[in-house]
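Below is one structure, written out as structure tokens; comments come after it.
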Amino acid sequence: MRHIISLLMENEAGALSRVAGLFSARGYNIESLSVAPTEDPTLSRMTIVTSGSDAVIEQISKQLNKLVDVAALIDLSEGEHLERELMLVKVRAEGAAREELKRVADNSHGRIIDVTEHIYTIELTGSCAELDDFLEKIGRDLILETVRTGASGIGRGERILKL
Amino acid sequence: MELTGAEILIRCLQEEQVEYVFGYPGGAVLFIYDELFKQDKVKHVLVRHEQAAVHAADGYARSSDKVGVALVTSGPGLTNAVTGIATAYMDSTPMVVISGQVPTGAIGEDAFQEVDAVGITRPCVKHNFLVKDVKDIAATIKKAFYLAKTGRPGPVLVDIPKDVSNHKTNFEYPASVTIRSYHPAGKGDSAQIRRAAQMLLEAKRPMIYAGGGVVLSDAAAQLADLARLLNFPCTNTLMGLGGFPASDRLFVGMLGMHGTYEANMAMQHCDVLLAVGARFDDRVIGNVAHFAEVPRNIIHIDIDPSSIAKRVKVDLPIVGDVKLVLDELLGVLRGGKQTPDAAAMGAWWKQVEDWRAAGGGLCYKNSTEIIKPQYVIEKLHEITGGDAFITTDVGQHQMWAAQYYRFDKPRRWITSGGLGTMGFGLPAAMGVQMVNPGATVACITGEGSIQMNIQELSTCKQFHLPIKIVALNNGYLGMVRQWQEFFHGNRYSETYMNALPDFVKLAEAYGHVGVRIEKPADVEPALKEAFARKDDLVFMDFRTDPTENVYPMVPGGRGLSEIILAEEL
Ligand SMILES: Cc1ncc(C[n+]2csc(CCOP(=O)(O)OP(=O)(O)O)c2C)c(N)n1
């Protein structure tokens, strides 16, 4: 099962490598990982998308919690949550395809943020699945480059992860 | 007044009441060694290899309730220390390792003797720090000691660049420490503890399985009280030996790969299992699926939540300090009126006794021709009154020591269980002897393992450490040879120890006493004489039966009841 784990950790040199090292050393899956400082510059917020059996996910949470730098942790997928990922995608936009690409981008709430004679660069935010769908719609042939940030997650409503 | 980083470090060690630091100097720690020189509160033990410094600090910590401290230089000093650090990590020894680092300006430039100490040690420390500013030294050392000894203990590395050890700042040692992201468990959940009490009282075939956590938490008294109150059988893991008295009738021996038949059978067939400070590792329960074939309720007490439900499903987890949890559990049981089901307990004990008889106990066929290694350990137990501190290396000798030295007290058994590090025994014994001066300390070893840190005979001479080395010299890397005999068609690939040194002369060359013992009749007199020499290190080279195997044995990956007993005797 896919899980999305969110954590707050000390914003210290090496903290990221402790998390990354834990996943590789223990053979856990890591689909994406995104991290940046929060409004409190001493803390970083990290979102990890992973998958595994319930037992494995339980171990992942425990092992992460055991890291001294990890201050708080929540498995967002255990409750209602929001998930967003940012993608930049560069596509070949020539001839008739230009119109069609614009239409597809508009329909998916994508923004064309850079244009040349041959190319569109499209910005799109959504769930990982929505981004996948978008790429599918455009088709591999036209895609020149994609950059994705990995998911960021947050609890819905009153669900808050804070120290 | 402003002090240098090095002065501050030494002052911090004094504040932490550190008596001994085990270490080895080098360029990156010159300022630190200079400050060590200028004072005499913190004494330094100069080892002959950094691995030994860490093992010595480890033995020091395990045989006392103190934090071990090691000090090494950057680069090769640190990499030599890594095996020691990993050993301490696997067995949860409280330890602070201080390493020198190249100056901050040179970090990342492949400077002379630079390695990424924090990176290399990251997977085998509880936590580590690189101190980039002299102002952070005091607080970091305070945190390091706090982390090392609280919660599930473990080694903490503090890497100090050379320039930082020479910069100056005001010194103030923090009176207290809190780390907002670190909250070690204390008491267990009271409701869970009450449920556990009920589950134990309703058991028909109960079993207590106690590991190293009992020793680390100093909870041996509580464990004994609990087992006696309930009249439950108790087994220890390799790491837990001494956590329950081996001479108690409730003790069914060690369990696991080389555990007794009765311990393994009782573990497999119990209906309620109380796991205390133990982690169901592969050498203990063997095949997880096989273990799960018999339904049983498992209560697991551990300070580290990640140890619970890692390999086996647990019905009743209790996260907390073993001692505090057992105290509370005892209170609940004593406060209630219910007692275990007497009829069921009678039948269960009969079953356990039947297994004890069927397994034949721990046994070997003694000989008047050739020295049996088990006989040496039995005699060692007798002559030392079962009261010695025993360190070991890794191999057959380690298992025979575990089986035949019947430990009655905690912290007397010092062995590398998790990592299985050959070369641990002698340096660990040095640490044990330093913190227990006057005590009897024996290192049980093999002719393979002892050569991995033999240079420490020199340290023992310098610091007058009268350790007794009991080498069970079978001429083979015996444990590997045993596996080759069982599982690889007797092809003894690279396990014959050719060109062995003359250990007697070797001991003498280092200024110690050496004796070779070749006949069974000489075992007892030799041990008596050696242990009578209170002030000398005596190296006893026992020539033992090269073909002897360790029994019983649960082959790797097999189930506990698939145990192989000793050959027909
Ligand atoms: C550093 C290290 N290298 C290799 C091993 C693998 N190993 C386990 S037991 C053993 C044989 C040990 O031989 P010896 O010290 O003579 O003891 P014996 O088994 O003969 O009692 C070996 C090589 C190990 N445990 N540690």
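The values are calculated or read from the model by the stated rules, or taken from the named source; none is laboratory data. No experiment lies behind these values; they were computed from the predicted model shown. Backbone-built Cβ (ideal geometry, glycine too); neighbour counts: all protein chains shown. Ligands, DNA and RNA are excluded from the accessible area calculation, which covers all protein heavy atoms including side chains. Shrake-Rupley method; radii C 1.70, N 1.55, O 1.52, S 1.80 Å.
A compact table of results
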| item | result |
| --- | --- |
| Candidate set from region B:403-423 (those that are within 14 Å of the ligand (Cβ to nearest atom) and in contact (Cβ under 8 Å) with a residue 60 or more places away in the chain); member that is most open to solvent (accessible area, probe 1.4 Å) | B:Leu419 |
| Top-ranked residue in region B:100-116 [being of a type in the set (S, T, N, Q) and closer than 15 Å to B:Leu78 by Cβ; ranked as least open to solvent (accessible area, probe 1.4 Å)] | B:Gln101 |
| Count - residues of region B:484-511 that are under 23 Å from B:Pro552 (Cα atoms) and either within 9 Å of the ligand (Cβ to nearest atom) or in contact (Cβ under 8 Å) with a residue 24 or more places away in the chain (or both) | 4 |
| Residue in region B:469-481 that is of a type in the set (D, E, K, R) and closer than 27 Å to B:Asp282 by Cα present | yes |
| Residue that is buried (at least 24 other Cβ atoms within 10 Å of the Cβ), in the same structural domain as B:Arg205 (by TED's automatic domain parsing) and out of contact with any Gly (no Cβ under 8 Å at 6 or more places or on another chain), where the choices are B:Trp348, B:Trp400 | B:Trp348 |
| Hey, B:Val523 open to solvent by less than 10 Å² (accessible area, probe 1.4 Å) and more than 16 Å from the ligand (Cβ to nearest atom) or not | yes |
| Filter result (more than 16 Å from the ligand (Cβ to nearest atom) and of a type in the set (Val, Ile, Thr)) within region B:430-450 | B:Val432, B:Val435, B:Thr440, B:Val441 |
| From the options B:Leu565, B:Leu472, residue that is crowded, with 20+ Cβ neighbours inside 10 Å and touching a residue at least 60 places away in the same chain (Cβ under 8 Å) | B:Leu472 |
| Which listed residue, of B:Ile390, B:Ile377, B:Ile370, is at pLDDT 95 or above, within 16 Å of the ligand (Cβ to nearest atom) and surrounded by fewer than 20 Cβ atoms within 10 Å (Cβ to Cβ) | B:Ile370 |
| Selection from region B:460-480 of residues that are under 20 Å from the mean Cα position of the chain (by Cα) and either within 14 Å of B:Ala530 (Cβ to Cβ) or more than 11 Å from the ligand (Cβ to nearest atom) (or both) | B:Ile467, B:Lys468, B:Ile469, B:Val470, B:Ala471 |
| Members of region B:494-514 found to be open to solvent by less than 50 Å² (accessible area, probe 1.4 Å), part of a strand (DSSP E or B) and closer than 15 Å to B:Asn473 by Cα, listed by number | B:Gly514 |
| B:Leu324 touching a residue at least 24 places away in the same chain (Cβ under 8 Å), away from chain A (no Cβ under 14 Å) and open to solvent by less than 60 Å² (accessible area, probe 1.4 Å) | no |
| Region A:60-86, residues that are touching a residue at least 24 places away in the same chain (Cβ under 8 Å), among the polar types (S, T, N, Q) and within 14 Å of another protein chain (Cβ to nearest Cβ) | A:Ser61, A:Gln63 |
| Which numbered condition B:Thr384 misses (of (1) away from the ligand (no atom under 11 Å from the Cβ); (2) open to solvent by less than 10 Å² (accessible area, probe 1.4 Å)) | (2) |
| Residues located in region B:269-280, provided they are of a type outside the set (A, V, I, L, M), closer than 23 Å to B:Gly359 by Cα and within 25 Å of the chain's Cα centre (by Cα) | B:Phe280 |
| Top-ranked residue of region A:1-26 - restricted to ones that are open to solvent by 60 Å² or more (accessible area, probe 1.4 Å) and in a loop (DSSP other than H, G, I, E, B), ranked as farthest from the other protein chains (Cβ to nearest Cβ) | A:Met1 |
| Residues being farther than 20 Å from B:Met553 by Cβ, open to solvent by 10 Å² or more (accessible area, probe 1.4 Å) and within 14 Å of another protein chain (Cβ to nearest Cβ) - total across region B:263-303 | 4 |
| Among residues of region B:97-130, those that are assigned to a strand (DSSP E or B) and either β-branched (Val, Ile, Thr) or within 11 Å of another protein chain (Cβ to nearest Cβ) (or both), counted | 6 |
| Number of positions in region B:325-364 that are basic (Lys, Arg) and modelled with pLDDT of 95 or more | 2 |
